[in-house]
Amino acid sequence: MRPIRADIHIHSVLSPCGSLDMSPAAIISKAIEKGLEMIAISDHNSTLNCNLAVELGKEAGLSVLRGAEVTTAEEVHCLTIFPDENTASAFQKFLNEKIQHIKNVPGKFGYQLVLDRDENIIDEVEYFLPAALTASIDEVEKKVHSLGGLFIPAHIDRPAFSLYSQLGFMPSDLAADAVEVTGKLPEIKFPVIRNSDSHIIDQVGRRYTTYMLNEPTFSELAMAFRSENGRSVISVTP
């Protein structure tokens, strides 16, 4: 086993808040430049740029996981990470059913683009992707875990769209695999991680977590969160 750096909260051009330079290819190139070995594409309420990113990552020697940053009915942001194309596709169907279809205004909120490997636009999502789902945080967690995915409340210490800002407390029965923070590390029962939450290309890898793993894969990451077989969360960037 060895230390592996990972940043599993990165937005592509599919997120309206993502810069137009955040193509999957550009993200992968920057991640390698920053010394990362594993990343996840975690767009708002969508996995539609994940498959391309996984393909390009394999070609470049970077492990890319399929994810989404979900906005629950309570407006809590949660990272969701999936083991393969089938489970991510099944979760996409869940997202399609649960999201509120509010029309996006690109000039105000930003474009929501799906790209091909040549960076051509092949689709543009017309409804506003960061809109809250009609599913509660408990419903989202149960769906993610039913698909074998990882459920991670995002940036829990932020003053908006976080567990504490929206609920005011950490639910005692929350079945999280880890929690993400941006500031001081809290003393809680869950593994604590940091990620970049990148929206522009120079933010990729600005924060990351170092894990002790055999290899940079979903299954190894899941074991690290459970502290199984020597896998672990080693450290986080300041």
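Some points to look at:
So that you can scan it fast, the table gives a plain yes or no per residue for (1) assigned to a loop (DSSP other than H, G, I, E, B); (2) surrounded by fewer than 22 Cβ atoms within 10 Å (Cβ to Cβ); (3) over 17 Å from the mean Cα position of the chain (by Cα):
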{"position": "ASP123", "(1), (2), (3)": "no, yes, yes"}
{"position": "GLU139", "(1), (2), (3)": "no, yes, yes"}
{"position": "HIS155", "(1), (2), (3)": "yes, no, no"}
{"position": "PRO159", "(1), (2), (3)": "yes, yes, yes"}
{"position": "TYR164", "(1), (2), (3)": "no, yes, yes"}
{"position": "PRO171", "(1), (2), (3)": "yes, yes, yes"}
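- SER29 crowded, with 17+ Cβ neighbours inside 10 Å and small (Gly, Ala, Ser): no
- Of all residues in the stretch 1-26, those that are closer than 14 Å to VAL114 by Cβ, modelled with pLDDT of 95 or more and surrounded by fewer than 22 Cβ atoms within 10 Å (Cβ to Cβ) total 1.
Okay, residues lined up against (1) under 17 Å from the mean Cα position of the chain (by Cα); (2) without any contact (Cβ under 8 Å) to a residue 24 or more places away in the chain; (3) assigned to a strand (DSSP E or B); (4) under 23 Å from HIS145 (Cβ atoms):
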residue: GLU187; (1), (2), (3), (4): no, yes, no, no
residue: GLY205; (1), (2), (3), (4): yes, no, no, no
residue: GLU228; (1), (2), (3), (4): no, yes, no, yes
residue: SER235; (1), (2), (3), (4): no, no, yes, no
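- Taking the stretch 97-113 as the range and being in contact (Cβ under 8 Å) with a residue 60 or more places away in the chain, surrounded by 18 or more Cβ atoms within 10 Å (Cβ to Cβ) and either touching a Phe, Trp or Tyr at 6+ places or on another chain (Cβ under 9 Å) or among the aliphatic types (A, V, I, L, M) (or both) as the test, the residues that pass are ASN104, GLN112, LEU113.
- Taken across the stretch 87-96, residues that are surrounded by 14 or more Cβ atoms within 10 Å (Cβ to Cβ) and either in a loop (DSSP other than H, G, I, E, B) or at positive phi (or both) do not occur at all.
- Qualifying residue in the stretch 142-152 (condition: touching a Phe, Trp or Tyr at 6+ places or on another chain (Cβ under 9 Å), aromatic (Phe, Trp, Tyr), touching a residue at least 60 places away in the same chain (Cβ under 8 Å) and part of a strand (DSSP E or B)): no
- Taking the stretch 125-137 as the range and being part of a strand (DSSP E or B) and without any contact (Cβ under 8 Å) to a residue 60 or more places away in the chain as the test, only TYR127 passes.
- Matching option when the condition is outside any loop (DSSP other than H, G, I, E, B) and modelled with pLDDT of 95 or more, among GLU74, GLU55: GLU55
The values are calculated or read from the model by the stated rules, or taken from the named source; none is laboratory data. Since the structure is predicted, the reported quantities are computational estimates derived from the model, not experimental observations. Counting neighbours? That spans all protein chains shown, and the Cβs are built from the backbone with ideal geometry, glycine included.
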